[in-house]
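Here, each number is a calculation from the coordinates, and none is a lab measurement. Computed from a predicted model, the values in this text were never measured in an experiment. Using ideal geometry, Cβ is built from the backbone for each residue, glycine included, and neighbour counts are taken over all protein chains shown.
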Amino acid sequence: MRDRDDEEDWDEEEDTISCPYCQRTIHEDSVRCPHCEQYLSTEDSSPARKPWWILVGALLCLYAVYRWIVG
């Protein structure tokens, strides 16, 4: 882990900003905060999972078509 002095030296050498989630100092070009691990923009974040009811509805529709074809 870093010491507090190392973090302050790092702040002075690089362009930094505050994380919008945890408010800790991070590098300006960071895609993700190394402290709270949140993505800084929605474009960089992982895609959200589809709601469970969409998957269940699709499976029910496929089952209904299967039962209709098989008889």
Mind giving me the nanometre distance, one decimal, between the label points for residue 69 and residue 30, set 7 Å out from Cα along Cα→Cβ? 5.2
Expressed in nm to one decimal, what extension gain is obtained for the pair residue 39 and residue 22 from 0.36 nm per residue of sequence separation less their Cα-Cα distance? 5.0 nm
